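Report on one structure; see the data block that follows.
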Amino acid sequence: SRIYDVCTDLGIIDYFDSFMISSEVGFAKPAREIFKLALERSSVSASESIHLGDSLQLDFYGARSVGIRALLIDKSGRYKDINDVDRIENLNQIISIIDHDGDCLHQTLNVSYQYLEVVLYFKIHEKL
């Protein structure tokens, strides 16, 4: 997958403990299996994780189906009237959400790139 090259070129590959690429693991979002496997490989529980993505069905509801807190990137405000969707309009809001939810040393941020079909896990407390 090209995600390895992209992360290497950006100098961020060492910030990730694992990569979940659907073509490599045999499951794609919103299948529960890809989220469960990501948690297992990262050695974290769903309650210690946050999934961030831009697709309501694939990312938000997919992550929620296994108990992961999900945040929807909704830059246009398209989903602002849906009451049960936690959404952000820009990436700067992530830090305040993590800090507000508790000790960020025990949070795992899980970032989803729709076009690359990959879930990246970043353990904040080990990397900052």
Evaluate region 1-84: find the radius of gyration of its Cα atoms, find its Kirkwood radius, and give the ratio Rg to Rh. 0.99
Let me check I have the definition right: for region 1-50, take the eigenvalues of the Cα gyration tensor, multiply each by 5, take square roots. What are those semi-axes in whole Å, largest first? 21, 15, 7
3J(HN,Hα) from dihedral phi, region 25-41, Karplus parametrisation 6.51/-1.76/1.60, rounded to Hz, x for glycine, proline: 9, x, 9, 10, 4, x, 4, 4, 4, 5, 6, 5, 5, 4, 4, 4, 5
Got a sec to turn the phi values of region 8-21 into Karplus ³J(HN,Hα) couplings, 6.51 cos²θ - 1.76 cosθ + 1.60 with θ = phi - 60°, whole Hz, x for Gly and Pro? 5, 4, 7, x, 10, 4, 6, 7, 10, 7, 7, 10, 10, 10
Short version: ³J(HN,Hα) in whole Hz for each residue of region 60-68, in order, from phi by Karplus 6.51 cos²θ - 1.76 cosθ + 1.60 (θ = phi - 60°), x for Gly and Pro, what are they? 5, 6, x, 5, 4, 5, 10, x, 7
Arg87 long-range amide H proximity, modeled H, under 5 Å: Leu72
Report Ser65's accessible area, 1.4 Å probe, all protein chains in place, as a number in Å² to the nearest 10. 50 Å²
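The values are calculated or read from the model by the stated rules, or taken from the named source; none is laboratory data. Bear in mind that the values here come from a model prediction, so they are computed numbers and not experimental data. Heads up: the accessible areas ignore ligands, DNA and RNA and are worked out on the full protein's heavy atoms, side chains in. Shrake-Rupley method; radii C 1.70, N 1.55, O 1.52, S 1.80 Å.
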